[in-house]
Amino acid sequence: MPDLPPVPGPSGAPGARGGGTAVRLTGRGVSRGLAAGPVMRMAAPPVLPAPRPVRDAAAETALAAEALEAVAAGLRDRAAAATGDAAEILDALAMMAGDPMLREEAEQGVRDGLGAAHALDAAFTRHREAIAALGGYLAERAADLDDLRHRAVAFALGVPMPGLPSPGHPYVLAAEDLSPADTAGLGPDVLALVTEKGGPTSHTAILARGRGLPAVVACPGVMDLADGTYVSVDGATGEVTAGISHEEAVRARERDRRERERLAASSGPGRTADGHPVKLLLNIGSAADLRPGGEGVGLFRTEFLFLDRGLAPSFDEQVAAYAAVFARVPHVVVRTLDAGTDKPLPFLGLPPEHNPALGIRGLRVDRVLPDVLDTQLDAIAEAARRTGAEAWVMAPMVATRDEAAAFAARARARGVARVGVMVEVPAAALLADRILAEVDFLSVGTNDLSQYTFAADRQHPALTDLLDPAQPALLRLVAACAEAGLAAGKPVGVCGEAAGDPALAPVLAGLGVTSLSMAPVCVPVVRDALARHTLGECRSLAATALS
Ligand code: PEP
Ligand code: MG
């Protein structure tokens, strides 16, 4: 663990303070862990000066092109130095910066009389509007363009590129918001992230969790702290305390280190204190996400393999992708393609919908394109045969018993060993017993189940209280599924984000859930949380939560 710098005295960073009166800020904790150290704020985006007449249009055109190329090259370099998700995100952003349409629009701006910086700004604005108008997943990508815009404009103006500070010592990064490129490129010096904006499903939150970096989002006031101010960050509670002393920071870091060591030392299957088994499974999007520690894969989100594809993946390509996972994990629950809303699959060529979350998504795609499911089921069965893995298959967005029965018949006809469905729609939870008469297991997707139970868009940053999986209404639906499972003697797991929450894990176990499937980084803390309670205690926690 590298050393923290001393708290600056009166000659330190302006306004820097430590060891004085502590100030408490509150945000939303999105990635667990305790960190402490001096805060450093991210450089602000460049401000455009008033436009001036252009004297040398050719030079401005060349400068605009050079700026775009410099941004793309910088991102490519960072992608080469990164791995996994981070490398993919940086590569995708480099491609966005290198988009010839952006360059043409900037050239048009110069022809219209703008200097390079203003022409780039105008090009990005138009591009952003066009992408935002497409809606859904692509609209979210519009925010990525802002980061590219800031970098390109800064280059053209000859001012420092906005980006991560590099003070030469460990620090807590404060930012208004973080772009995917910034989050993906974080170096080992960053102890924790605190942002003024953002929500629990933002890229910042997902990538921070993936790296095990404590993170707090939606924390107003953090950008008012002077650089160098000592803060402690609790990524579980969302509490940020500013103005602590160097010694307090060192002690907090030490506590965190001991806690991580203790958790890392835990291993083995999920058990309550009195030995009741609750399987700990992994949520993955590809073989690259696999980590040691779980008892298998509880949710293989196959659509993540094909999100950017213009052409349908072939049978052989699918067999290879599934076999890459099956060869490494003997027990895998594969979810058939869950396309729609936030995860459109362009190769399906589905028309835009007015209300996509309530439209043709998940299993419903089969109503219009039945071949897609047949090919996927064949590929899963073939990959399982080749590897000898125990592949279970489940469908997303099932709402009725008939849908469950039809899916089960299709999968069984192709030789799939165990067939289940996800419970993401309240209708399915209410009829869990009937649906379980048709299938071998249920997996509760609490992310969508809360969205549909509370009629609250799961991406909406202002509705996170409604989407909280600890809401009794949601827990009642989970309980209905678990009770149906118990009566039928069939497994009922949870694979939404709730399963990775150590505060909820004992509650879910108490409701009768038989497995919890989560981001790999959550496994040790959930294992620990289960081991702290007997099954009786879990049941009384569940009863309290339900009431
Ligand atoms: C869910 O909805 O809880 C789930 C696990 O599926 P996804 O998050 O991929 O929609
Ligand atoms: Mg879902």
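The values are calculated or read from the model by the stated rules, or taken from the named source; none is laboratory data. Values in this document were obtained by computation on a predicted structure and should not be read as measured data. FYI the Cβ positions are ideal-geometry reconstructions off the backbone, even for glycines, and counts take in every protein chain you see. Keep in mind that these areas ignore ligands, DNA and RNA; they rest on the heavy atoms of the full protein, side chains included. Shrake-Rupley method; radii C 1.70, N 1.55, O 1.52, S 1.80 Å.
Here is how the numbers come out for the structure above:
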| read-out | value |
| --- | --- |
| Check: the chain dipole with +1 on Lys, Arg Cβ and -1 on Asp, Glu Cβ, in debye | 1260 debye |
| Mean Cα-pair separation over length for region 50-149, i.e. relative contact order, pairs under 8 Å, 6 or more apart, % | 29 percent |
| Size of charge dipole - region 59-157 - debye, nearest 20, with Cβ of Lys, Arg +1 and Asp, Glu -1, no other charges | 80 debye |
| Three-way shape label, region 59-157, alpha-carbon gyration tensor, a/c 1.5 | oblate |
| Nearest-ten-degree value, helix 472-488 long axis tilted from longest Cα axis of the chain | 40 degrees |
| Acute angle (nearest 10 degrees) that the helix 100-111 long axis makes with the longest principal axis of the chain, alpha-carbon atoms | 30 degrees |
| Convex hull volume per residue in cubic angstrom - Cα atoms of region 267-546 | 118 Å³ |
| Among His331, Leu282, Val494 - extreme Cα towards positive end, dipole of region 267-546, charges at beta-carbon | His331 |
| Point-to-point label distance, Gln471-Arg262, nm (Cα→Cβ direction, 7 Å offset) | 3.4 nm |
| Cα-derived Rg to Rh of the chain, Kirkwood definition | 1.00 |
| Environment charge of Ala498, counting only residues whose C-beta is closer than 13 Å and scoring Lys/Arg +1, Asp/Glu -1 | -4 |
| Cα-based reach from Lys343 at 29 Å (exclusive), listing lysines while leaving out same-chain residues under 8 positions away | Lys197, Lys279 |
| Relative contact order computed over the chain (Cα-Cα under 8 Å; 6+ residues apart), in percent | 15 percent |
| Counted charge near Glu483, where neighbours are those whose Cβ lies closer than 14 Å (Asp, Glu -1; Lys, Arg +1) | +3 |
| Accessible solvent surface per residue of the chain, calculated while the other protein chains remain in place, 1.4 angstrom probe, Å² | 43 Å² |
| Only Lys, Arg (+1) and Asp, Glu (-1) charged, at Cβ; region 159-303 dipole about Cα centre in debye | 640 debye |
| Two-decimal ratio, region 301-366, of alpha-carbon radius of gyration to 2.2 N^0.38 Å | 1.22 |
| Prolate/oblate/rounded call for region 455-541, Cα gyration tensor, a/c under 1.5 rounded | oblate |
| Rounded if a/c under 1.5, otherwise prolate or oblate - region 196-320, Cα gyration tensor axes | oblate |
| Mean separation of Cα contacts under 8 Å (6+ apart) over length of region 267-546, as relative contact order % | 20 percent |
